[in-house]
Amino acid sequence: MASLHDVVVIGAGLAGLRCATLLAQAGRDVVVLDAADEVGGRQRTDRVDGFLLDRGFQVVNPRYDALARAVDPADLDLRAFPVGVRVVRGGRSDVFAHPLRHPALLPATLAGALSGLVTARDLVAALRWLGPALVGPASVAAGPDATLHDTWDRLGLTGPLRWSVLEPFLTGVLADDGGATSSAYATLLVRLFALGTPGVPAAGVGALPRRVADLARKAGADIRLEHAATGMDVRGDRVEVALRGAEVIAAREAVVAVGGEALRELVDLPTPPMRGLQTWWFGTDAGAPASALLVVDGDRSGPIVNSVVMSRTAPAYAPPGRHLVAASCLLDSGADERAVRGQLERLWGGAARGWELLRRDDIAHALPALPPPLRHPSPARLSERLVVAGDHRETPSIAGALVSGERAARAVLG
Ligand SMILES: Cc1cc2nc3c(=O)[nH]c(=O)nc-3n(C[C@H](O)[C@H](O)[C@H](O)COP(=O)(O)OP(=O)(O)OC[C@H]3O[C@@H](n4cnc5c(N)ncnc54)[C@H](O)[C@@H]3O)c2cc1C
């Protein structure tokens, strides 16, 4: 009979790794299993022809409290994007940048606002939407909630600021172009964008889970990759996890941290609705656009919801003399290369012609949907021997995954 561990954690994404770290630090004998050949789950980075390609464009916001509890953000060597966007609309290109962070862009930001993109009615409505989150985030999190679409309609946020700036921007962040997401969540997220300095680790987003895994190992957790769980049985005082091509592993408790789409194979929980994203990665020659700002298409003239020259912010993402551009779409937009290239030329100008397509990431289960209300019961403990973790239990984000890992660890430690 195999030895009996205190806890088996299934899934070495951020949720499972954070949970395993806390359990190992509390002296538990923890084994972590993951089907993949590397830790990180949805957060991975591959080296392709000298470029660093994350599995889908994503950013790390050091403002997340849960991030700072899990790692020292300084260890990630974060490269911060400018806090703002460039909006391409009606043949114009306007900049909206954080006035305090980028005072040099203030004249351009004011010119953009006065160009008709920001009406007085939209501005007042946007402040009524965002204001409560800026002054009292806790009460927004605990307060009444509705969909983003209904909230903006109610507040009268119905003009170009919504259509050409907020909707395209948040479509990329939430993977939702219908405004079905919790307004409370969206407003808290925008608050963190405004207050934080979102960026990417210099070595790619995969550096974050690798760092959490280092800390878990240091605390004594045994992380076993290429160990796919195929089933679980609770027998008396133990949980037995069946593995593909390896011996059964037994533990007093199991934490299931497999990601929403894989839950049902192991536990009796419904599959949470998930939203898909697609990122196209292009390599350019040295003549890439100089701006590091994220670009959104204010005309919504094609499938791309945002695009950015990654290597203007994080130079190691591209080999010397070249640049890396990300262009993200909703997975169900049905984007084809012709449409993507055409829109890239509208967003970036003729420079985009001839960019080399390096890879396309189709990620069907990128983010769990988060309809209102933001606060919904999602207990970590399922039964005496089973605990669950993952962003689908909290919010669709790095912070959500980390917080769910913390909650799962607390449930085990009782
Ligand atoms: C394209 C994209 C963009 C994103 N952008 C952002 C962003 O900008 N900011 C942000 O905060 N968040 C973003 N996110 C979300 C963030 O990456 C996730 O919320 C977080 O990584 C989820 O972590 P997790 O541990 O809950 O799940 P996962 O990362 O999915 O981990 C689950 C793990 O379980 C393993 N597994 C599954 N089944 C089994 C099995 N049977 N046996 C063993 N192992 C198994 C998987 O291999 C995986 O490693 C983005 C995600 C994507 C995909």
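The values are calculated or read from the model by the stated rules, or taken from the named source; none is laboratory data. Predicted model only: the values in this text are computed from it and were never measured. Don't worry about glycine lacking a Cβ; one is built from the backbone with ideal geometry, like all the others, and counts go over all protein chains shown.
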Completion exercise
Of those in region 237-260 that are surrounded by 15 or more Cβ atoms within 10 Å (Cβ to Cβ) and among the acidic types (Asp, Glu), the residue nearest to the chain's Cα centre (by Cα) is GLU253
Fill in the blank from the handout: Restricting region 248-268 to residues that are part of a strand (DSSP E or B) and not charged (D, E, K, R), the one nearest to the ligand (Cβ to nearest atom) turns out to be VAL256
Practice task
Hey, can you tell me all the residues within region 113-133 that are out of contact with any Ser or Thr (no Cβ under 9 Å at 6 or more places or on another chain) and surrounded by 14 or more Cβ atoms within 10 Å (Cβ to Cβ)?
Solution key: ALA113, SER115, GLY116, VAL118, THR119, LEU123, ALA126, ARG128
Exercise for the section: Mind counting the residues in region 144-158 that are buried (at least 18 other Cβ atoms within 10 Å of the Cβ) and in contact with a Ser or Thr (Cβ under 6 Å, 6 or more places away or on another chain)? Expected result: 3
Fill in the blank from the handout: Note: among VAL248, VAL200, VAL295, just one is over 29 Å from HIS102 (Cβ atoms) and at pLDDT 95 or above, namely VAL248
Completion exercise
Contact list, first residue from region 220-235 and on the phi > 0 side of the Ramachandran plot, second anywhere and basic (Lys, Arg) and surrounded by 14 or more Cβ atoms within 10 Å (Cβ to Cβ), beta-carbon distance below 9 Å, six or more apart or interchain, is GLY220/ARG28
Exercise for the section: Taking LEU413 as meeting all but one of (1) of a type outside the set (Ser, Thr, Tyr); (2) under 17 Å from the mean Cα position of the chain (by Cα); (3) more than 10 Å from the ligand (Cβ to nearest atom), write down the number of the exception. Expected result: (2)
Exercise for the section: Could you list all residues from region 306-323 that are among the polar types (S, T, N, Q) and touching a residue at least 60 places away in the same chain (Cβ under 8 Å)? Expected result: ASN306, THR313
Fill in the blank from the handout: If we ask which residues in region 6-50 are within 23 Å of GLU384 (Cβ to Cβ) and hydrophobic (A, V, I, L, M, F, W, C), their number turns out to be 15
Exercise for the section: Hey, could you check region 368-393 for residues that are under 30 Å from ALA335 (Cβ atoms) and buried (at least 21 other Cβ atoms within 10 Å of the Cβ) and say which is farthest from the ligand (Cβ to nearest atom)? Expected result: LEU370
Exercise for the section: For region 107-124, indicate whether the set of residues that are over 30 Å from ALA184 (Cβ atoms), at pLDDT below 95, part of a loop (DSSP other than H, G, I, E, B) and small (Gly, Ala, Ser) is non-empty. Expected result: no
Problem - Filter result (within 22 Å of the chain's Cα centre (by Cα), small (Gly, Ala, Ser) and farther than 11 Å from TYR185 by Cα) within region 137-158 - result: ALA138
Handout entry: Subset of region 166-183 [at positive phi and either of a type in the set (A, V, I, L, M, F, W, C) or touching a residue at least 40 places away in the same chain (Cβ under 8 Å) (or both)]
Key = ALA175
Practice task
Please state which one of ALA68, ALA36 is more than 14 Å from the chain's Cα centre (by Cα) and over 30 Å from ARG359 (Cα atoms).
Solution key: ALA68
Exercise for the section: Could you figure out which of (1) away from the ligand (no atom under 16 Å from the Cβ); (2) modelled with pLDDT of 95 or more; (3) not in a helix (DSSP H, G or I) isn't true of HIS365? Expected result: (1)
Exercise for the section: With respect to GLU345, determine if the residue is free of Cβ contacts under 8 Å to residues at least 40 places away in the same chain and under 17 Å from the mean Cα position of the chain (by Cα). Expected result: no
Problem - Restricting region 197-222 to residues that are within 16 Å of the chain's Cα centre (by Cα) and part of a strand (DSSP E or B), the residue that is surrounded by the most Cβ atoms within 10 Å (Cβ to Cβ) - result: VAL200
